[in-house]
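Participant: Before I ask anything, let me first share the structure, which is written out below as structure tokens.
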Amino acid sequence: MKFSELIIERQSVRKYIDKAVEKEKLIRCLEAARLAPSASNAQPWKFIVVDDPELKEKVAKETYSMIATFNKFVHQAPVIIVITLEKPTLVNRIGGRIKKKEWKLIDVGIAAEHLCLQATEEGLSTCMLGWYNEKEAKELLNIPEKKSIALMISLGYAPEDYKQREKIRKSIDEIVSFNSY
């Protein structure tokens, strides 16, 4: 698949069929994330693959609440990938403070998108999840108290009839200028 086709096909999927994800495909997705660039090559991430059905159900339950119910679809996904923020290098931390940038969050975003694009190439579907009960999820996954969860990604197979949505985005003229704001 050409890259231009891949970025059009990749979408946030909120419905999955009951089909396990092949280990080889999962490893290729994680390898794509591992190879993502990061500021000062800090690689400030760790990927926790949650594929044990019982544990996955418990983690899925922590992606919504009584008020925010929009992530209930996560129960359908056979895999949840939890990305934790790891301590970046000293150079990265100092540079981030000087420049007032959260390099590690940018880096995790790049790695997550690498993973999602590879998943699309593999015929898998994903949805990045920013809403979750962090304290409870950390306890379930034995994540050290000083670490934080940056993002979760649901991963699995969408139903064959799942519709590719039209990407509604601002026009290129609204978001691009040359040589000046």
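Values in this text are rule-based calculations from the coordinates and carry no lab data. The structure presented is a predicted model; accordingly, all values stated were derived computationally and were not measured. For neighbour counting, all protein chains shown are included, and Cβ atoms are generated from backbone atoms with ideal geometry for every residue, glycine included.
Participant: Counting DSSP beta bridges with both partners in the chain, what percentage is antiparallel, nearest 5?
Facilitator: Here the share of antiparallel DSSP bridges comes out near 95 percent.
Participant: Taking the C-alpha atoms of region 113-155, how large are the radius of gyration and the largest Cα-Cα span, Dmax, in Å?
Facilitator: In order Rg, Dmax, the Cα atoms of region 113-155 give 12.6, 36 Å.
Participant: List nothing, just return the count: lysine pairs in region 63-181, 8 or more apart or interchain, with Cα separation under 25 Å.
Facilitator: Close lysine pairs found across region 63-181: 26.
Participant: Over the Cα atoms of the chain, what radius of gyration and what Dmax do you get, in Å?
Facilitator: So, for the chain, Rg and Dmax equal 17.3, 54 Å respectively.
Participant: Would you be so kind as to identify all helices of the chain, as entire DSSP H runs, whose Cα atoms reach 24 Å or more along the helix's own axis and whose mean Kyte-Doolittle hydropathy is at least 0.0?
Facilitator: Helix filter hits for the chain: 103-121.
Participant: Please report the net charge: other residues with Cβ closer than 13 Å to the Cβ of HIS75, K and R +1, D and E -1.
Facilitator: Here the charged neighbours net out to +2.
Participant: For region 1-61, what does the equivalent ellipsoid look like in terms of its semi-axes, each the square root of 5 times an eigenvalue of the Cα gyration tensor, given largest first in whole Å?
Facilitator: After diagonalising the Cα gyration tensor, the semi-axes are 24, 20, 12 Å.
Participant: Give me the number: length gained by fully extending LYS2 to ARG34, i.e. 0.36 nm times residue separation minus the C-alpha to C-alpha distance, one decimal in nm.
Facilitator: Computed gain between LYS2 and ARG34 is 9.4 nm.
Participant: For the pair SER65/SER177, report the inter-label distance in nm, with labels modelled 7 Å from Cα in the Cβ direction.
Facilitator: Spacing of the two 7 Å Cα→Cβ label points: 3.9 nm.
Participant: With a cap of 16 neighbouring Cβ atoms within 10 Å, and only residues DSSP puts in a loop, list the trypsin sites (Lys or Arg not before Pro) found in region 1-64.
Facilitator: Those that pass, being in a loop and sparsely packed, are LYS2, LYS15, LYS19.
Participant: How much FRET efficiency would the formula 1/(1 + (r/R0)^6) give for GLU166 and GLU57, where r is the Cβ-Cβ distance and R0 is 41 Å, rounded to 0.05?
Facilitator: It comes out at approximately 0.80.
Participant: Under the rule that an exposed site lies in a DSSP loop and has at most 16 other Cβ atoms within 10 Å, name the longest stretch of the chain with no GluC sites (Glu not before Pro) of that kind, not counting the sites themselves.
Facilitator: Between the exposed loop sites, the longest stretch runs 23-85.
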